[in-house]
1. Working carefully through the options 100, 77, find the one that is more than 27 Å from residue 249 (Cα to Cα), part of a helix (DSSP H, G or I) and free of Cβ contacts under 8 Å to residues at least 40 places away in the same chain.
2. Go over the candidates 156, 131 one by one and state the one that is farther than 29 Å from residue 261 by Cβ, outside the structural domain of residue 273 (by TED's automatic domain parsing), without any contact (Cβ under 8 Å) to a residue 60 or more places away in the chain and crowded, with 17+ Cβ neighbours inside 10 Å.
3. Here are 247, 286: which of them is surrounded by 16 or more Cβ atoms within 10 Å (Cβ to Cβ) and not assigned by TED's automatic domain parsing to the domain that holds residue 184?
4. Exactly one condition in (1) farther than 30 Å from residue 28 by Cα; (2) part of a helix (DSSP H, G or I); (3) in contact (Cβ under 8 Å) with a residue 40 or more places away in the chain is false for residue 84; which is it?
5. Looking only at region 214-238, filter to residues that are surrounded by fewer than 17 Cβ atoms within 10 Å (Cβ to Cβ) and under 17 Å from residue 96 (Cβ atoms); which one of those is nearest to the chain's Cα centre (by Cα)?
6. For region 132-169, how many residues are farther than 13 Å from residue 190 by Cα, in contact with a helix residue (DSSP H, G or I) (Cβ under 6 Å, 6 or more places away or on another chain) and assigned to a helix (DSSP H, G or I)?
7. With the requirement that a residue be surrounded by fewer than 16 Cβ atoms within 10 Å (Cβ to Cβ) and assigned to a helix (DSSP H, G or I), what does region 254-268 give you?
8. Which of the residues spanning region 95-120 are on the phi > 0 side of the Ramachandran plot and out of contact with any strand residue (DSSP E or B) (no Cβ under 7 Å at 6 or more places or on another chain)?
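The values are calculated or read from the model by the stated rules, or taken from the named source; none is laboratory data. No experiment lies behind these values; they were computed from the predicted model shown. When we count neighbours, we look across all protein chains shown, and the Cβ atoms used for this are built from the backbone with ideal geometry, even at glycine.
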């Protein structure tokens with residue numbers, strides 16, 4: 001095996017005293033990462049090498065206990081991996097269902113510009129100097145540009161911004177799109193729904209709400225239309241050759257697609273709703289598993305984990 005210039009090989013000097021898997025899980029654990037960060041921060045160049053690694057001190061229990069700890073953490077990791085795969089497969093199921101039900105959105109008997117069926121509500125240029133630690137949440141470009149709603153990226157404004165900005169108010173369940181990104185990166189023209197975490201939000205600049213005429217075009221269909229690779233390529237094709245890419249309302253309005261019968265969209269929407277409910281349960285389970293892994297690893301490498309017949313479980 002050949003190591004890269006920024007890699008080091010870690011192995012125990014005495015394999016009868018410490019198990020490789022125990023070291024592996026220690027390095028990945030919050031405790032191990034904190035130790036690595038502490039030692040790296042002690043140098044001016046933030047470098048971490050063999051010499052730095054040898055300075056790390058950590059709890060080394062009996063060999064049998066090391067094996068048990070590694071087994072418990074490996075099982076927790078496996079469950080996390082299985083849950084992530086289940087979520088991925090649900091996403092793939094919806095994509096394939098969309099194609100099976102509607103086919104190529106550029107082929108059909110009802111080809112029309114999207115502007116006939118929807119409008120955009122743009123955000124406001126709130127000043128970053130007005131952001132505070134808590135209050136009214138503000139949806140920024142970084143909140144949705146990855147194709148999902150990133151709660152951690154929200155900023156906040158004082159409650160007095162709750163009046164006078166009604167046209168920028170956003171409620172849970174509404175569909176948003178990112179309008180600015182970098183050419184060559186998948187960080188714009190991405191859509192996502194607003195989660196039911198806060199009662200309402202305010203919309204910042206370069207993010208827009210998609211407002212379809214739901215007598216003819218449903219948000220669930222529109223969301224998957226924007227995620228359809230060929231549609232997205234057509235939408236962003238005019239943004240090549242410059243570093244920053246921007247979408248305008250006219251860019252979106254001018255794209256011509258086949259708009260299917262509303263009854264078929266309703267059927268698809270019902271499938272999406274049921275599948276997303278399952279996905280939400282899986283995501284909750286995933287978060288619980290990740291929290292469990294973090295808690296177990298912290299206790300294990302601080303010498304606080306009682307080794308016995310701990311049952312992590314086998315269900316995905």
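1. Numbers: 77 fails: free of Cβ contacts under 8 Å to residues at least 40 places away in the same chain.
Unique residue meeting the criteria: 100.
2. Details: 131 fails: crowded, with 17+ Cβ neighbours inside 10 Å.
Every option except 156 fails the conditions.
3. Working: 247 fails: not assigned by TED's automatic domain parsing to the domain that holds residue 184.
None of the other options fit; the residue is 286.
4. With respect to (1) farther than 30 Å from residue 28 by Cα; (2) part of a helix (DSSP H, G or I); (3) in contact (Cβ under 8 Å) with a residue 40 or more places away in the chain, residue 84 is out only on (1).
5. Here the residue is 229.
6. Residues that pass the stated criteria total 1.
7. Within region 254-268, 262, 263, 264, 266, 267 qualify.
8. Keep residues of region 95-120 that are on the phi > 0 side of the Ramachandran plot, which gives 103, 108.
The one that is on the phi > 0 side of the Ramachandran plot and out of contact with any strand residue (DSSP E or B) (no Cβ under 7 Å at 6 or more places or on another chain): 103.
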